[in-house]
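Here is the structure we will look at, set down as structure tokens.
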Amino acid sequence: MKMKDIYTSLKKDLRDIERELKRSVQSEHQELNRSAVHLLEAGGKRMRPVFVLLAGRFGYYEMESLKQVAVALELIHMATLVHDDVIDNAATRRGRPTVKAKWDNRVAMYTGDYILARSLEVASRIQNPVAQRVLARAMHQMCKGEIEQIRDLYRTDLSFLRYLHRIKRKTALLMAVSCELGALVSGADSQVVRRLRLYGYFIGMAFQITDDVLDLTGDEMTLGKPAGSDLRQGNVTLPVIYILKKGREEDRKRIIRYLHSEGRSGSLPEILQQVRHSEGILCAHQLADQYLNKGLRMLEGLPEGKAKESFRLIAKFIARRSY
């Protein structure tokens, strides 16, 4: 089985979710409608809906309930992307102009707020109060994570632990909840729900660490945005933290000067070359592998079947992905 086989097996239900996403972002205000549809048409891996559908296979697979969960989660994810692009002053995402670049910050913020509000509307249709509470707590934690990320911009004294807390709230939490809620609304056994939540968390941590490495080592054509975007925007990630903690003095000074000047002093291409050849990249890959292995261990206690094999394959894809 390959990654495309997973999407092929879920093609009908993913198409249904895509239609519901498009309906959900429609607005009678033309500009808001255009900006929301522009974001939706940028596409994406739709990993959260995939996680919801696969987790639903461990219980009673009822598409209507799973669809509401998947759409609500993907809308939340989309809203955070629009807000992130404003905070990061990002011009492109997935090779397309961001909402803030195509319109402006004001339209982008309203678009993100509107999509977030629509996600709450969809979530209110989930006929499971436990699922609604899980989703509400996740949104609360994600907002805290966004605030922390803003507060940490251009800082040179970040700890590894603070970085891990940040990516937990930024990425891993929503993936964990996607797995958890897919199983929960399907009536899966409580131990299955727990294992799937932990799987989503561990895979989400690995996914974000890998994403942060790719931002430093990839190229614009592959990434859909300029390489080094995180560092340019003051977002200090694991490989850079490693150098700041354990790197050579001249390397540390170069990065500290760049960050303290908020990018006005020093050469970003030179710093990227320095980071790419540092042990920080190896450290990040090793930590991502540790999280992936923990995620795979969570699958060991689950019933055998295509859903379990698909989750295993997704973990392996994350381990070797280049985009």
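Here are the numbers:
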quantity	calculated
Residues of segment 221-269 classified as small (Gly, Ala, Ser), closer than 13 Å to Asp211 by Cα and in contact with a Leu (Cβ under 9 Å, 6 or more places away or on another chain), total	3
Top-ranked residue in segment 122-135 [being without any contact (Cβ under 8 Å) to a residue 24 or more places away in the chain and under 20 Å from Ser190 (Cβ atoms); ranked as farthest from the chain's Cα centre (by Cα)]	Pro129
Scan of segment 250-260 for residues that are open to solvent by less than 20 Å² (accessible area, probe 1.4 Å) and out of contact with any helix residue (DSSP H, G or I) (no Cβ under 7 Å at 6 or more places or on another chain), ordered by number	Leu259
Segment 4-19: number of residues that are surrounded by 15 or more Cβ atoms within 10 Å (Cβ to Cβ) and within 21 Å of the chain's Cα centre (by Cα)	5
Of residues in segment 130-157 being surrounded by 15 or more Cβ atoms within 10 Å (Cβ to Cβ) and of a type in the set (Asp, Glu), the one nearest to Met205 (Cα to Cα)	Glu146
Which listed residue is modelled with pLDDT under 95 and outside any helix (DSSP H, G or I), from Leu216, Leu158	Leu158
Residue among Leu296, Leu272 that is open to solvent by 10 Å² or more (accessible area, probe 1.4 Å), among the aliphatic types (A, V, I, L, M) and in contact with a Lys or Arg (Cβ under 9 Å, 6 or more places away or on another chain)	Leu296
Options Glu121, Glu220: the member that is acidic (Asp, Glu), open to solvent by 40 Å² or more (accessible area, probe 1.4 Å) and farther than 30 Å from Ile271 by Cβ	Glu121
Cβ-Cβ under 7 Å pairs, at least 6 apart or on other chains, segment 301-323 side within 18 Å of Arg194 (Cβ to Cβ), far side surrounded by fewer than 13 Cβ atoms within 10 Å (Cβ to Cβ) and at pLDDT 95 or above	none
Selection status of Ala108, open to solvent by less than 20 Å² (accessible area, probe 1.4 Å) and closer than 20 Å to Val50 by Cβ	no
Any chance Arg166 is buried (at least 21 other Cβ atoms within 10 Å of the Cβ), touching an Asp or Glu at 6+ places or on another chain (Cβ under 7 Å), at negative phi and assigned to a helix (DSSP H, G or I)	yes
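So that you can scan it fast, the table gives a plain yes or no per residue for (1) without any contact (Cβ under 8 Å) to a residue 60 or more places away in the chain; (2) in a loop (DSSP other than H, G, I, E, B):
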{"position": "Lys22", "(1), (2)": "yes, no"}
{"position": "Ser27", "(1), (2)": "no, yes"}
{"position": "Asn33", "(1), (2)": "yes, no"}
{"position": "Leu39", "(1), (2)": "no, no"}
{"position": "Ala55", "(1), (2)": "no, no"}
{"position": "Tyr61", "(1), (2)": "no, yes"}
{"position": "Leu75", "(1), (2)": "yes, no"}
{"position": "Leu81", "(1), (2)": "yes, no"}
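The values are calculated or read from the model by the stated rules, or taken from the named source; none is laboratory data. These figures come from a predicted structure and were not determined experimentally. Ideal geometry is used to build each Cβ from the backbone, glycine not excepted, and the neighbour counts take in all protein chains shown. To get the accessible areas, we keep the full protein, side chains included, count just its heavy atoms, and leave off ligands, DNA and RNA. Shrake-Rupley method; radii C 1.70, N 1.55, O 1.52, S 1.80 Å.
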